[in-house]
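Working notes for the structure below.
All of the numbers you see were taken from the coordinates with simple rules; none came from a lab. The shown structure was predicted, so the numbers you read here are calculated from the model rather than taken from an experiment. Neighbour counts run over all protein chains shown; Cβ positions are idealised from the backbone, glycine included.
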Amino acid sequence: MNIAISSEMKTYFARILVAGTCIVGLAAPAWAHAHLKTSMPTTGSTVQASPTRISMDFTEGLELAFSGVSITDNRGAPVSLSDPVLGAPDDTELSAAFIKPLMPGRYSVAWHALSKDGHKTEGKYDFSVAP
């Protein structure tokens, strides 16, 4: 059985194939980035007492030498933290201890991460400590 396909139909299928390849090709690198899944304290939360540490869980394992976290208070002053450490069996948790208890107020968290496959991500969020 012979099926004739017009040149217009061939061009249409070729365009769909190219578009599909581009979409998959552009989306695949995004899957490999270490995105923030959860954090403690959580984004936008108000905690009743000063936390002893900050902990962030990511979707991929991290390279500690190129990942970190910084926190500022509502005046923009830096909050003292211990050196960050990696946890979880697959290095997906980044945490650091607060050197001193946090006073009531709003705090801004800025983090940056380098996943084990070399992709960089960064982000910010806030939390508050209740009076």
From the mean inverse distance of alpha carbon pairs (Kirkwood) and the Cα radius of gyration, derive Rg over Rh for segment 88-131. 1.07
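When ranked by the protection proxy of mean other Cβ atoms within 10 Å per residue, highest first, what sequence do the peptides 58-68, 116-126 form? Don't jump to the answer; show the numbers that get you there.
Working: 58-68: 17.4, 116-126: 13.7.
Final packing ranking: 58-68, 116-126.
Of the cross-linked pairs Lys100/Lys124; Lys37/Lys100; Lys37/Lys116, which ones have a Cα-Cα span greater than 19 Å in the structure shown?
Working: Lys100/Lys124 22 Å; Lys37/Lys100 26 Å; Lys37/Lys116 16 Å.
Beyond 19 Å: Lys100/Lys124; Lys37/Lys100.
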